[in-house]
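Structure first, commentary second.
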Amino acid sequence: MNRAARLTMKEVSTNSVAALSDDPIRDWILSEGKATQITKISPIGGGCINLASRYDTDAGSFFVKTNRSIGPSMFEGEALSLGAMYETKTIRVPRSFKVGHLPTGGSYIIMEFIEFGFSRGNQSVLGKKLAEMHKAGKSNKGFGFDVENTIGSTPQINTWTSDWIEFYAEHRLGYQLKLALDQYGDSTIYQRGQRLMKNLTPLFENVVMEPCLLHGDLWSGNISSDKNGEPVILDPACYYGHNEAEFGMSWCAGFGGSFYNSYFEVMPKQPGFEKRRDLYMLYHYLNHYNLFGSGYRSSALSIIDDYLRMLKV
């Protein structure tokens, strides 16, 4: 090989190393991910906020989400949420491996790829496993989470608070009501919602409120099963809260009787559960109003008005 050829080969080798180091996702997979080659990268649809891909390698497959415009804080919140749920050793969740910056701007998260089955799994098993997670995942810091995270793309405030009613009123309902006021100038829903916030206590008479680890965004799109039919939950917005708040997305989760029966065998139903169901849905209706527009306003306002009548305030 002549000198020119040797220089060319050296340049190719140097450029290959440079190209590799410009891609932190490949770097991690080919080092800490224990792979020696990436055989295929396939886009996966379904998300409206992030891009998702499957990386097939000789060490197995990895699931990667990227966002070109948002820094790593959103994915760091997701990683901590997945880690907290995984540590309960109850329901299956994807393991999170790595979060970082993209060199061109934005961020990424690398996690376990789970081969999904053809259904959302057995409702009875899902109810049991979810209740086991709530029972196992406890906090001695009160209600909240170690980081702020997101519900959809809306910031979710998780400041540690010792009182559940105060936490839910201020950091869940109050935050969303202020967004609606700022975004739409909706003083009607804001003022009525504020009245409700100040009068929640009667809904919690004789109720034990322990800080349980919640998935936080449990709707049908975040529930699946693995190839063995075991339930899998993903895309969390975790925090420690009253266990009943987990059912706030039940209006688009498809939970049936067998789900609730199994759940309440592990976590017994508390007095007034039915009276509080809509209160927990209200947070998510308000969030949908703020994210997707006026189509959700009437549902949120109707819930507020029903509670104001019930509480006579």
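The values are calculated or read from the model by the stated rules, or taken from the named source; none is laboratory data. Everything numeric here is computed off the predicted structure, so don't read it as measured data. In this analysis, Cβ positions are derived from the backbone assuming ideal geometry, glycine residues included, and neighbour counts consider all displayed protein chains. These area figures cover heavy atoms from the full protein model, side chains too; ligands, DNA and RNA do not enter into them. Shrake-Rupley method; radii C 1.70, N 1.55, O 1.52, S 1.80 Å.
PRE reach from T104 (point 7 Å along Cα→Cβ): which of the range 27-44 fall under 18 Å by backbone N?
Counting only backbone N, you get 27-28, 41-44.
What does the chain give for Rg and for Dmax, in Å, if only its C-alpha atoms count?
For the chain, the Cα-based Rg and Dmax read 22.7, 92 Å.
Which of G105, G121, G241 ends up with the largest GNM mean-square fluctuation for the chain, with Cα atoms connected below 10 Å?
Of G105, G121, G241, the most mobile in the Gaussian network model is G105.
Mind checking which of G221, G193, G45 has the largest fluctuation in a GNM of the chain, springs on alpha carbons under 10 Å?
G45
If the reach is capped at under 17 angstrom between alpha carbons, list the aspartates and glutamates near K40, excluding any in the same chain fewer than eight residues apart.
Reachable aspartates and glutamates: D23, D27, D56, D58, E112, E115.
In a GNM of the chain with a 10 Å cut-off on Cα contacts, which of V207, V99, V266 has the highest mean-square fluctuation?
V207
Check the straight Cα-Cα distances from K34 and name the lysines below 25 Å, setting aside those fewer than 8 residues away within the same chain.
Once the sequence-local lysines are set aside, what remains near K34 is K65, K89, K98, K227.
First compute the accessible area of the range 35-164 with a 1.4 Å probe, then give the percent of it belonging to carbon and sulfur atoms.
Working: 3360 of 6350 Å².
Taking all protein chains in place, the range 35-164 shows 53 percent carbon and sulfur surface.
Using the heavy atoms of the protein chains alone and a 1.4 angstrom probe, what is the accessible area of the chain per residue in square angstrom?
On the way: 15190 Å² over 313 residues.
Here the per-residue accessible area is 49 Å².
Considering only the other residues whose Cβ falls under 12 Å of the Cβ of K128, what net charge follows from Lys and Arg at +1 and Asp and Glu at -1?
That sum, taken over residues with Cβ under 12 Å, equals -1.
Dipole magnitude of the chain about its Cα centre, charges +1 at Lys/Arg Cβ and -1 at Asp/Glu Cβ only, in debye to the nearest 20? Provide the component values of the computation, followed by the final result.
Working: 32 positive and 33 negative charges, 54 e Å.
Around 260 debye, computed over the chain.
Could you work out the helix-only [θ] at 222 nm for the chain, with each DSSP H run of four or more residues adding -39,500 (n - 2.57) and the total divided by the number of residues, to the nearest 500 deg cm²/dmol?
On the way: 10 runs with 124 residues, N = 313.
Estimated from H runs of four or more residues: -12500 deg cm²/dmol.
Can you tell me, using C-alpha contacts under 8 Å and at least 6 residues apart, the relative contact order of the range 170-285 as a whole percent? Before the final figure, lay out the partial values.
Details: 122 pairs, mean separation 30.2, N = 116.
Relative contact order for the range 170-285 comes out at 26 percent.
Excluding same-chain residues fewer than 8 positions from K178, which lysines have a Cα within less than 17 Å of its Cα?
K198
Using the Kirkwood formula on the Cα atoms of the range 181-230, what hydrodynamic radius do you get, in angstrom to one decimal? Intermediate values should be presented prior to the final figure.
Values: mean 1/r = 0.0652 Å⁻¹.
After inverting the mean inverse Cα-Cα distance, the result is 15.3 Å.
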